[in-house]
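Notes to accompany the following structure.
The values are calculated or read from the model by the stated rules, or taken from the named source; none is laboratory data. In this text, all values refer to a predicted model and were calculated from it rather than measured experimentally. Reconstructed Cβ throughout: ideal geometry from the backbone, glycine too, with neighbour counts over all protein chains shown.
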Amino acid sequence: MTAGRGQECPALINPVPGSINVPVNTSISWQEVVGVTGYIISLGTTPEGTDIVNEQPVGSETTFTPPMGLPESTEIFVTITLFFINQNSIVCSSVSFTTEDVTDVPGCTMIIQPVNGETNVNITSNISWTYATFAIGYRISLGTAPGSGDILTEQDVGNELSFDPPSNLPPLTQIFVTLTPYNENGDASGCPSESFTTGDLGEPPACTVLIRPADGSTNVPLDTTLEWIPVPEATGYIVSVGSSPFVNDVLDMAIFTNPMINVINFEPNKTYFVKIIPFNEAGQAQGCGQQSFSTILGCGPFYDPLTGNLIVINPEITFPDEIAYCQDAIVTRIEATDPADGYRWYRIVPGGTEILLSEENYLELSEPGQYRYEAYIELTQDGFVVECSSDKEFTTVLSSRPTIEMIRKEIDGDFFNLRIITSGLGDYEYSLNSTTDWQMSSRYRGLSEGNYTVYVRDTTGCGIVEQSFRLALPAPGFPPYFSPNGDGINDTWNYIPPKSNPIPLTYIYIYDRYGKILATINANANGWDGLYEGTPMPLGGYWYRAVDVNGLEYNGHFSLIR
């Protein structure tokens, strides 16, 4: 369980505070604040004013589009309120921007209730429509023929998006609706009529209310069943459920004949908005409002009013990005590194599909690739178990026991420098004359004459190897240079036995700077002529390893000059 910082008010992202010439149809967005249950937005023409939008809940959304746009050439003040379930809300300071001066006439709009072409519409229905950009008001005409206006002619409804006809509409009649948005620059032109057909005479049902969960409930289980009071006159119900008042992202006008919806899985720590409209043959219930409830807190983050911190119940993940396993092993066992109530291990195959491999606190690896490790804590809230999980993708790679290919020795005055050349798949560590003092570098400098043992091990534990050798300054008889230029002087390189204590050598191996064997010569033969497979070798340094009849080795360095 982790803790973070206390709550802070969000910064306005769009429009930027102080902006001018902001479009009147702009959407307002702000930074997300971790740990907040939801947001409430108010818009006004004064600081903390609400004369444009009055404390509108938007759930967890961080973007709000004013349903009727914004007034032109006006300083607009935005006030964001942070809403919590179990503590007081935090009202943030107002910030402002100024809208543009509109010089265009508005466009046309369209009716959304009843929808164009709908039949059996209640004769007492209200008519609503979408916002027309730049509009500051609307005129509506109703008639029994396109453009007739024989029911209602050019009624100015002001800056509203709905209209309640002053009397019932005629039954079993096609009603034509013409809407004309306007502003100070003029009227929208060429707006077509839309129509719907009314139903027979009768009484539509009344509205209903939620009984499970009740309107305003908190800590509602995620698998809750929605149930509402049945309406005797209703033949069905139109149900919309969303995570904000404006988006039906759970259910969008679904029709049910019973006053109950069996299990819907909700997300934790969210406010959901429900609208239920009973209907019958006479039409739909009118004026039914939204109801809401909030789900259980879940895994957080939560604001702790005592400490001022954000509390998160998900386990902390410390698992590495990469795991190596030994090439020669049948399986390699890796274990979870984090305290938790349970674990899951997945293999990620090409294409992104995941295969569950284990639900233990360990996994036995048998092949390289991409994997995902998940740890979770089980939390019981109001008798309901919530699983709070964290996860980490990681890569597995092959590793192997090292092989010492060569120990390259370089004489530096009376001392030696070494480089241990290895091969293998892993990352290796090195130690000289010890199995405790390890280093990542394969180089050693400033060593004196003597006997040594080098140890090399794989960092993942795949194995350790060793090799012993002796460092000794060149014995007399090994020339420091030769010049194979065909002048008959020092054209070859070989051991020249001194008059006293000559070494009984058998073979001498010649290497280049990369450890490649260029020649094998007999100590009693002519020596090396500076060629490799018939090609003259370049100027520079070369190394030799001479072996005597007793198996002792003599290593050193010489130069090829021309």
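Structure summary
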quantity	calculated
Qualifying positions in segment 90-106 - surrounded by 14 or more Cβ atoms within 10 Å (Cβ to Cβ) and part of a loop (DSSP other than H, G, I, E, B)	Cys92, Ser94, Glu100, Val102, Val105, Pro106
Single match in Gly446, Gly424, Gly486, Gly477 (criterion: farther than 24 Å from Arg401 by Cα, touching a Pro at 6+ places or on another chain (Cβ under 6 Å) and of a type in the set (Gly, Ala, Ser))	Gly477
Given (1) more than 30 Å from Cys299 (Cα to Cα); (2) without any contact (Cβ under 8 Å) to a residue 24 or more places away in the chain; (3) more than 21 Å from the chain's Cα centre (by Cα), index of the condition Glu360 fails	(1)
From the options Thr119, Thr109, residue that is under 26 Å from Pro57 (Cα atoms), in a loop (DSSP other than H, G, I, E, B) and touching a residue at least 60 places away in the same chain (Cβ under 8 Å)	Thr109
Segment 427-437, residues that are surrounded by fewer than 15 Cβ atoms within 10 Å (Cβ to Cβ) and under 21 Å from Cys326 (Cα atoms)	Asp427, Thr435
Segment 280-298, residues that are out of contact with any Asp or Glu (no Cβ under 8 Å at 6 or more places or on another chain) and more than 14 Å from Val209 (Cα to Cα)	Gly283, Gln284, Ser294, Leu297
Arg457 vs. criteria within 29 Å of Leu432 (Cα to Cα), in contact (Cβ under 8 Å) with a residue 12 or more places away in the chain and of a type in the set (D, E, K, R)	yes
Failed item, numbered, when Thr208 is tested on (1) touching a residue at least 24 places away in the same chain (Cβ under 8 Å); (2) surrounded by fewer than 18 Cβ atoms within 10 Å (Cβ to Cβ); (3) outside any strand (DSSP E or B)	(2)
Residue count, segment 316-370 (criterion: of a type in the set (S, T, N, Q) and over 14 Å from Leu398 (Cα atoms))	5
Residues being surrounded by 19 or more Cβ atoms within 10 Å (Cβ to Cβ) and among the acidic types (Asp, Glu) - total across segment 341-350	0
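Every residue, every condition in (1) at pLDDT 90 or above; (2) of a type in the set (S, T, N, Q), yes or no:
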site: Phe469; (1), (2): no, no
site: Asn494; (1), (2): yes, yes
site: Tyr507; (1), (2): yes, no
site: Glu533; (1), (2): yes, no
site: Glu553; (1), (2): no, no
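Table: residues versus (1) in a strand (DSSP E or B); (2) β-branched (Val, Ile, Thr); (3) crowded, with 19+ Cβ neighbours inside 10 Å.
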residue: Gly287; (1), (2), (3): no, no, no
residue: Leu297; (1), (2), (3): no, no, yes
residue: Pro315; (1), (2), (3): no, no, yes
residue: Pro339; (1), (2), (3): no, no, no
residue: Arg372; (1), (2), (3): yes, no, no
residue: Glu378; (1), (2), (3): yes, no, no
